[in-house]
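Worksheet for the structure shown next.
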Amino acid sequence: MHLALRVRAALAIFAVFMIAGCFLDPSPEDPQSIAIVPPGDSIPTPPPPPPTPPAAPTLSAPADGATGVAVPVSLTWNASSGAASYTAQVSSSSSFSTFAYNVSGITSTSTSVSGLSANVVYYWRVRATNTGGNSSFSAASSFTTEDVTPPPPPPPPPPPPGQVGLGLLADLTPLGTLYAPADNWWNLDISNAPLAPNSAQIIATIQGYESTQGRMHPDFAPNFGIPYCVVDDNTPLVPVSLGNTSESDKGYPGAPTGYPIPAEAMTSSRYFENGATAGNANGGDSHLLIYNRDKRAVFELSYCSYSGGRWSAGYGAVFKVDSNYRRPEGWTSTDAAGLCVLAGLVRYDEVYGNAPILHATRTSIKKVNGYVWPASHTGSTDPNGFPCGMRFRLKKSFDTSGYPAPLRKLFESWKVYGLILADRGGNMYIQGTMDNRWDNGVLNPAFHSLHASDFDVIQLGWKP
């Protein structure tokens, strides 16, 4: 009886709940509890689990071990599923102890890396990131940047005259060439100029002058040759008594007469050809050559001497080397051809400097007769002689590879600019500066290996 009453009571209570429109729902706090959810409300959805970090990316390019990779370097990799962004790292260390590039927040699958050094091995890797965290880094790859050797800079323009130093044997290479105009006769490229029809006969005749067969010789040494000095307008002009007044210049055109001879030349033999003292020619023509950097002009004296407080010379010539001024027809200078001596000398600063030699070199042979352009004067009328101004060109087939680099540079310049016959003298002698830095143990064997037969003669009086 009591059991039946209890069942009826329970059913009554359940009916009340049903009538009230209620049903049972587990409590979110305790799955075993019972919660009462009003009609019309939904059962709450549990939150999704947190995302997992993405997988490590796979590197694409550059390929592992690639070489010659141009900078800036484009790095690419394959996308990682679920990745929101990437971090790329580049290092010259395989352990990534330092970084050349370390950038996060990359939202694409590539990046460009600049500022890397040439010819260096670099290592790179990438990892992916999302809200679940970072992936591990990809396996590292390496690449080597290309070995970029920049082209040499263009030669600088000639500096203002004041940038050339002053003094004995001052460096003139900042000028490029002594004569400024590119089309000056000293600066002409004769590499494709036509040959004289009788070139072979001329060479054979020159070879026959002496038993040496026209062997070349350097007419310069530490105590032999023709020095020069550089002055400016602060050097006072001094009067010079000239023996030949009809074909000599008394001074710079349009300026007071006189020559800017340094006071040191009165007592130092190093200013004169062959180390002569002022008044003792010492086996040469006692040349005194002066370059005025402010006027860009060369003052040249021959048979020059200083005695009793006075300067004298046989000949004097002034050359405006910022122009193509040529001496009047028939005029001499301080050489037989009427040309500027300094312009064609072999100079130590050029031979051993860094720049190429861009002008012709002066030479002499034993016999001369007449003149052709660019010369202006007949040096002599020797039988079987040849004209001053005649040009020689070293044959293109002559191999210079076995010579010391400075002399190879000089000899190669003769294939382009050649030699100009400027005076009567030693047969196939090349004139240069008297300079303590020359080593004739190097010069003589090199020059003596060349002969007149290694040269061609350019068409006489040729002009481009």
Review point. For the range 227-242, does any single residue satisfy the condition of being under 24 Å from Leu169 (Cα atoms), buried (at least 21 other Cβ atoms within 10 Å of the Cβ), among the aromatic types (Phe, Trp, Tyr) and touching a Gly at 6+ places or on another chain (Cβ under 9 Å)?
Key: no
Exercise for review: Among residues belonging to the range 302-311 that are open to solvent by 10 Å² or more (accessible area, probe 1.4 Å) and touching a Phe, Trp or Tyr at 6+ places or on another chain (Cβ under 8 Å), point out the one that is farthest from Thr267 (Cα to Cα).
Suggested key: Tyr303
Review point. Is one or more of the residues making up the range 406-420 among the small types (Gly, Ala, Ser), open to solvent by less than 30 Å² (accessible area, probe 1.4 Å), over 24 Å from Leu288 (Cα atoms) and in contact with a Lys or Arg (Cβ under 7 Å, 6 or more places away or on another chain)?
Key: yes
**Study point:** Residue in the range 187-205 that is of a type outside the set (Ser, Thr, Tyr) and over 23 Å from Leu419 (Cα atoms) present
**Key:** no
Check your understanding: Taking the condition surrounded by 12 or more Cβ atoms within 10 Å (Cβ to Cβ), more than 30 Å from Pro174 (Cα to Cα) and either modelled with pLDDT of 95 or more or touching a strand residue (DSSP E or B) at 6+ places or on another chain (Cβ under 6 Å) (or both), does Ala56 pass?
Key -> no
Check your understanding: What about Trp373, is it within 24 Å of Leu172 (Cα to Cα), hydrophobic (A, V, I, L, M, F, W, C) and touching a Phe, Trp or Tyr at 6+ places or on another chain (Cβ under 9 Å)?
Key -> no
Revision key, fill the gap. Exactly one of Asp335, Asp349, Asp322, Asp382 is acidic (Asp, Glu) and under 23 Å from Val442 (Cα atoms), and that one is Asp349
Revision key, fill the gap. With the first residue restricted to the range 130-144 and required to be closer than 14 Å to Ala88 by Cβ, and the second required to be acidic (Asp, Glu) and surrounded by fewer than 15 Cβ atoms within 10 Å (Cβ to Cβ), Cβ contacts under 7 Å at 6 or more apart or on different chains are Ser141/Asp64
Check your understanding: Which residue, of Gly105, Gly65, is on the phi > 0 side of the Ramachandran plot, in contact (Cβ under 8 Å) with a residue 24 or more places away in the chain and open to solvent by less than 70 Å² (accessible area, probe 1.4 Å)?
Key -> Gly65
**Study point:** Leading residue by the ranking (nearest to Ala118 (Cα to Cα)) among those in the range 72-102 that are open to solvent by 50 Å² or more (accessible area, probe 1.4 Å) and of a type in the set (A, V, I, L, M, F, W, C)
**Key:** Ala100
Revision key, fill the gap. The residue from Gln213, Gln207 that alone is more than 21 Å from Leu289 (Cβ to Cβ), touching a Ser or Thr at 6+ places or on another chain (Cβ under 8 Å) and open to solvent by 60 Å² or more (accessible area, probe 1.4 Å) is Gln213
Revision key, fill the gap. Per the filter on the range 292-301, residues part of a loop (DSSP other than H, G, I, E, B) and either open to solvent by less than 50 Å² (accessible area, probe 1.4 Å) or touching a His at 6+ places or on another chain (Cβ under 9 Å) (or both) are Arg293, Arg296
Check your understanding: Do you know which of the residues in the range 421-447 that are polar (S, T, N, Q) and more than 25 Å from Asn369 (Cβ to Cβ) is least open to solvent (accessible area, probe 1.4 Å)?
Key -> Thr433
Practice item. Tally the residues that are assigned to a loop (DSSP other than H, G, I, E, B) and surrounded by 12 or more Cβ atoms within 10 Å (Cβ to Cβ), restricting the search to the range 258-272. Key: 6
Review point. Here are some residues: Val351, Val341, Val321. Which one is β-branched (Val, Ile, Thr), farther than 20 Å from Trp414 by Cα and at pLDDT 95 or above?
Key: Val321
Point to revise | Single unsatisfied condition, Thr363 versus (1) among the hydroxyl-bearing types (Ser, Thr, Tyr); (2) under 20 Å from Ile458 (Cβ atoms); (3) open to solvent by 20 Å² or more (accessible area, probe 1.4 Å); (4) touching a residue at least 40 places away in the same chain (Cβ under 8 Å) | key: (3)
Exercise for review: Quick one: count up the residues across the range 302-328 that are in a strand (DSSP E or B), of a type in the set (S, T, N, Q) and farther than 10 Å from Val240 by Cα.
Suggested key: 2
Check your understanding: Has the range 189-207 got at least one residue that is at pLDDT below 95, more than 30 Å from Pro54 (Cα to Cα), more than 21 Å from the chain's Cα centre (by Cα) and assigned to a loop (DSSP other than H, G, I, E, B)?
Key -> no
Practice item. Answer yes or no: is there a residue in the range 73-81 that is more than 60 Å from the chain's Cα centre (by Cα) and at pLDDT 55 or above. Key: no
Review point. Does the range 113-131 hold any residues that are open to solvent by 60 Å² or more (accessible area, probe 1.4 Å) and more than 30 Å from the chain's Cα centre (by Cα), and which are they?
Key: Tyr123, Arg127, Thr131
Practice item. With the condition kept exactly as written, say whether any residue in the range 342-352 is of a type outside the set (A, V, I, L, M) and either open to solvent by 40 Å² or more (accessible area, probe 1.4 Å) or in a strand (DSSP E or B) (or both). Key: yes
Review point. Consider Leu419 against the criteria (1) in contact (Cβ under 8 Å) with a residue 60 or more places away in the chain; (2) in contact with a strand residue (DSSP E or B) (Cβ under 6 Å, 6 or more places away or on another chain); (3) closer than 21 Å to Trp185 by Cα: it satisfies all of them except one. Which criterion is unmet?
Key: (1)
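The values are calculated or read from the model by the stated rules, or taken from the named source; none is laboratory data. Every value quoted in this text rests on a predicted model; they were computed, and no experiment measured them. Positions of Cβ are generated from backbone atoms using ideal geometry, with glycine treated the same way; all protein chains shown enter the neighbour counts. Areas reflect the complete protein model, heavy atoms only, side chains present, ligands, DNA and RNA absent. Shrake-Rupley method; radii C 1.70, N 1.55, O 1.52, S 1.80 Å.
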